[in-house]
Amino acid sequence: MANSTKDPFWQAKVATELERNPQLATTINDTCTKCHAPMANYEITKIQGGDITLFGTDGILNPNHALYDAGMNGVSCTVCHQIANDGTLGTLDGFSGHYSINNTKTIYGQYNDIFGQPMINNTGYTPTYSAHVSDSALCATCHNLKTPFVDDQGNIVSTGTGFPEQMPYTEWQLSIFDDAGSNPQSCQDCHMPETTSKVSNRPNWLGTKDGFAKHELVGANTTMLTMLRDNAAQLGVTSSNMDLSIIRARAMLQSAASVEIVSASVNNGTLEARVKVQNNSGHKAPTSYPSRRMWLNFKVTDSNNNIVFESGKINADGSIVEADNDVDQAKFEQHYNLITSNKQVQIYEPVMVDTNGNITYTLLRAERYIKDNRLTPKGFNKSNVPSDSDVAVLGAAADDTDFNLGSDEITYSVPVAVAGELNVSVSLNYQTIAHGFLQDLYRDAHLQQVQTFKTLYDAQSLKHEQVASAQTTVVSDVDPNPDFDGNLVVNAADLAFFKTKFFSSDPDADLNGDGVVNAVDLAILKSMFFNAPGPSEPVP
């Protein structure tokens, strides 16, 4: 959170929004800094009564700006702990950065039996107990965000409450983890796990307290954390424990979902495997900013590790092989219940469209989602969520009976032409920035912020994370075929070809699929001299 302003992707995205809709500069600067640079935003807009600017000579990112430090320090302790419980928390009026900072220098905390005089003496802040700091509704002030949108002429045409850029709080409310759910857990329970600890080093006689919320504030964005760590000097990052943050974020991500192969078998030369994906988090997976996606990489290999079938392979540049949107940013990959081709990939993602119904990556052009098959949390019943809801399941997933209540089941049915044992594996993967978002961002490569981000991203190898994986083995029922020349006769010509492959791993000559061409395969070939259709020559 302290690096929220230093995030080079955020800076680049804000710069492109300003470039594409300069007439809304005041709205863009204010909306984006309320939660990414709240201290500077509050001082300028609430105390000074002015308009905040992010870039340029007058921008808070200019080192000469009086509030540069306040801006670059992102979300501080005193921001969240000064948000008052004014009755709007957890409501539309309190979303989108519409928090209220108290004007009495009161610091709200989770304990009522505290010795507060040292804080008063050293900082001027008065610590006070308030239950709302442990409530998910506090997080909703920035983690439920509605944004306006414009038509292709740049006119604001949004009606109602705007476009739901991110709604994890509302997603959580519809899960079993809601306060009234069957397994209540707050945002803080997961992202600020409890421990027993001293809450202050002074005075030294203070004892420990139970239930102290560790301020780890871990998410799942290892890509950005890695970029901040590896370019700390350039980006102004001062934290000395980024490696620990990356480890925690990766662990959080890997606990968020699981995948299993429910069944797998080969019948009549067709492999059929049923895969189940389970969301274990308290919101959709992935959630928040719509550049994020998860997908399945399903792969079948023979005993010699030759690929028989693969869907969802990732390229080094972060694109997914055969994913429609990664090839053509005007298209998107549909949701599947059945996959029969390597040109089909199961991608869990939101897809935005503009007022003309075209796919867009510009937030201020996004009117609605045309696809949202992000994995819902446990207890989230899509049938009870109207299609015009901010968190509705949209697209083909809405009609998929195996997609609901926190899980999805998908069947892979693919032909296999090899004999022997097959390895079937599947992995669930996560990406902070989908390839299509990047290509759209790079359209404004003339902007310094985009150039900076692109340089850092291209130089970084970490572009996705594996969340979970599973594997099993099956035995193919495909009969070996030693008629290598395809003339419908197993004869001396086939034997001659076979001899050239002896002791190799050639998959065509490896008739029993054990990874090596040997005497066992020769025995299979000889046994079929008199079984193959047509005349056969004597076995030499």
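The values are calculated or read from the model by the stated rules, or taken from the named source; none is laboratory data. Every value quoted in this text rests on a predicted model; they were computed, and no experiment measured them. Here the Cβ is made from the backbone with ideal geometry for all residues, glycine too, and neighbour counts use every protein chain on show.
At-a-glance table
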{"item": "Residues being modelled with pLDDT of 95 or more, surrounded by 11 or more Cβ atoms within 10 Å (Cβ to Cβ), farther than 20 Å from Cys80 by Cα and of a type in the set (A, V, I, L, M, F, W, C) - total across the stretch 175-213", "result": "2"}
{"item": "Pair list, Cβ < 8 Å and 6+ apart or interchain, from the stretch 104-117 residues that are farther than 14 Å from Thr208 by Cα to residues that are part of a loop (DSSP other than H, G, I, E, B) and of a type in the set (Lys, Arg)", "result": "none"}
{"item": "Residue that is farthest from Asp458 (Cα to Cα) [pool: residues in the stretch 419-445 that are assigned to a strand (DSSP E or B) and among the hydroxyl-bearing types (Ser, Thr, Tyr)]", "result": "Ser425"}
{"item": "The listed residue being among the aromatic types (Phe, Trp, Tyr), closer than 30 Å to Asn306 by Cα, buried (at least 20 other Cβ atoms within 10 Å of the Cβ) and in contact with a strand residue (DSSP E or B) (Cβ under 9 Å, 6 or more places away or on another chain), out of Tyr361, Tyr412, Tyr369", "result": "Tyr412"}
{"item": "Test result for Ala396, within 24 Å of Val14 (Cα to Cα), out of contact with any helix residue (DSSP H, G or I) (no Cβ under 9 Å at 6 or more places or on another chain) and hydrophobic (A, V, I, L, M, F, W, C)", "result": "no"}
{"item": "Qualifying residue in the stretch 330-351 (condition: touching a residue at least 12 places away in the same chain (Cβ under 8 Å), among the basic types (Lys, Arg), part of a loop (DSSP other than H, G, I, E, B) and over 30 Å from Glu19 (Cα atoms))", "result": "yes"}
{"item": "Pair list, Cβ < 7 Å and 6+ apart or interchain, from the stretch 236-250 residues that are touching a residue at least 60 places away in the same chain (Cβ under 8 Å) to residues that are in a helix (DSSP H, G or I)", "result": "Gly236/Met72; Val237/Leu228; Arg250/Thr222"}
{"item": "Yes/no for Val150 being surrounded by fewer than 16 Cβ atoms within 10 Å (Cβ to Cβ) and touching a residue at least 60 places away in the same chain (Cβ under 8 Å)", "result": "no"}
{"item": "Selection within the stretch 415-434 - buried (at least 22 other Cβ atoms within 10 Å of the Cβ) and under 18 Å from the mean Cα position of the chain (by Cα)", "result": "Val426, Leu428, Tyr430, Gln431, Thr432, Ile433, Ala434"}
{"item": "Residues that are under 25 Å from Gly282 (Cα atoms), in a strand (DSSP E or B) and of a type in the set (S, T, N, Q), drawn from the stretch 240-269", "result": "Ser258"}
{"item": "Residue match in the stretch 50-68 (condition: outside any loop (DSSP other than H, G, I, E, B) and either touching a strand residue (DSSP E or B) at 6+ places or on another chain (Cβ under 6 Å) or more than 17 Å from Gly97 (Cα to Cα) (or both))", "result": "yes"}
{"item": "Number of the exception - Thr287 against (1) crowded, with 22+ Cβ neighbours inside 10 Å; (2) touching a Gly at 6+ places or on another chain (Cβ under 8 Å)", "result": "(2)"}
{"item": "Any chance Tyr99 is farther than 22 Å from Arg374 by Cα, modelled with pLDDT of 95 or more and surrounded by fewer than 16 Cβ atoms within 10 Å (Cβ to Cβ)", "result": "no"}
{"item": "Within the stretch 55-80, considering residues that are in contact with a Ser or Thr (Cβ under 6 Å, 6 or more places away or on another chain) and buried (at least 20 other Cβ atoms within 10 Å of the Cβ), the one farthest from Thr31 (Cα to Cα)", "result": "Met72"}
{"item": "Residue match in the stretch 381-397 (condition: under 30 Å from Asn481 (Cα atoms), not in a strand (DSSP E or B) and not aromatic (Phe, Trp, Tyr))", "result": "no"}
{"item": "Filtered residue count, the stretch 404-418, keeping only those that are in a strand (DSSP E or B) and either within 17 Å of Ala273 (Cα to Cα) or outside the structural domain of Met294 (by TED's automatic domain parsing) (or both)", "result": "9"}
